Amino acid sequence: MSEPVPDHTPVILVTGFLGSGKTTLLQRLLREPALADTAVLINELGEVGLDHHLLERIDNTMVLLQSGCLCCTIRGELSAAIKDLHSKRERGVVPAFRRLVVESTGLADPFPILSTVHADPVLKHHFRLGNVIATVDAVNAMGQLDRQPESVKQVAVADRLVLTKTDLAAAETIDVLIDRIRRINPAAALRRSADREVDAQALLSPGAFDGSGAGRWLAADFSPAHDDHQDGDRNRHGDDIRATAFCLDGAIDWTMFGIWLTMLLNRHGNAVLRVKGILNVAGTDTPVAVHGVQHLVHPPTHMRAWPDADRRSRLVFIVRGLDPQAIERSWRAFSRTPTRARSATRAELVPSARRLGQPGP
């Protein structure tokens, strides 16, 4: 028996620069039976690009694939395309998909796509932001990162990175590229598309903070070897993108943290490309996960357990063009509690009426 449609269908963004293999990755993933209840919106092609899996054409933009997945071409605004899909699902015209994947154009800034789902007053009642997957071309990415700011941002905001064309690139080239993208985004899970263990369910399913593995992306970044500030240049990056990470000792007050982060993003949301964290919140036994892209903050959630014995709160910011000392300083000044940091970023705080929601169960 199929599972019911969720109250808020997750929208998963697949991004990556031109020719980096987004559609090829989707073709591979959508063959998996586990993803039969997936709808895909493609914004790159003039017509549906997965026709070799075609089973049935529903209309001039929409086909049902042999795997059971629904594949559509975006014509016009993204919000209108998602609303049309939702309407057809409600009326039983299309299968009852449980997740929606949006494949962006190779030149797209990911933020407006995410903002559409987050801010549209109709969509936010039926859909929610899922994770962001970015494909990175092992052959051409170094040049793209040098010349194309969109490619840097696509890497920076990703939850999961998929390195493509690894069979065509030299091992030394791949190592240099991995080092570079890790400096841009140390928090994202990284897989190679040629690896057999690349799992469709793991890539496309939402839940970067699923309670069981949410702390894995923090393990390397907060290992004891990094707490002594001896690797201060590790997160420097020539594209003016820096990954900054710090820990907060002791339980924190949720309201205080929410006000601080809200004001930070209100003032610097365009420069704060990504924020992830697990927090030791006063009055809770398990950590609370926070997750945001620029001005957009996902609803906070309770994880099932701490990833290790360390009970400090841990935050990762990926920022552009900000002083690498002042996020930590701003929190210290705001909360009057000690912190330990490797690098941080400027935050000139200003009041805001917007507040983070309460962490849910």
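The values are calculated or read from the model by the stated rules, or taken from the named source; none is laboratory data. Not measured: the values here are computed from a predicted model. Methodologically, a virtual Cβ is constructed for each residue, glycine included, from the backbone with ideal geometry; neighbour enumeration extends over all protein chains shown. For accessibility, only protein heavy atoms count, side chains too; no ligands or nucleic acids. Shrake-Rupley method; radii C 1.70, N 1.55, O 1.52, S 1.80 Å.
The single condition from (1) at pLDDT 85 or above; (2) crowded, with 16+ Cβ neighbours inside 10 Å that residue 124 fails is (2). List every residue pair whose Cβ atoms sit under 6 Å apart, with the two residues 6 or more apart in sequence or on different chains, where the first one lies in the stretch 173-192 and is at pLDDT 95 or above and the second, anywhere, is in a helix (DSSP H, G or I) and among the acidic types (Asp, Glu). Once the first residue is at pLDDT 95 or above and sits in the stretch 173-192, no partner that is in a helix (DSSP H, G or I) and among the acidic types (Asp, Glu) comes close enough. For the stretch 282-302, a residue qualifies if it is open to solvent by 10 Å² or more (accessible area, probe 1.4 Å), hydrophobic (A, V, I, L, M, F, W, C) and within 20 Å of residue 249 (Cβ to Cβ), and exactly one does: 282.
Residues in the stretch 99-108 include at least one that is crowded, with 24+ Cβ neighbours inside 10 Å and farther than 25 Å from residue 7 by Cβ. Scanning the stretch 151-195 for residues that are surrounded by fewer than 23 Cβ atoms within 10 Å (Cβ to Cβ) and of a type in the set (Asp, Glu) turns up 167, 172, 175, 179, 195.
Is one or more of the residues making up the stretch 137-148 surrounded by 19 or more Cβ atoms within 10 Å (Cβ to Cβ) and either of a type in the set (Gly, Ala, Ser) or in contact with a Pro (Cβ under 6 Å, 6 or more places away or on another chain) (or both)? Yes, the stretch 137-148 has at least one match.
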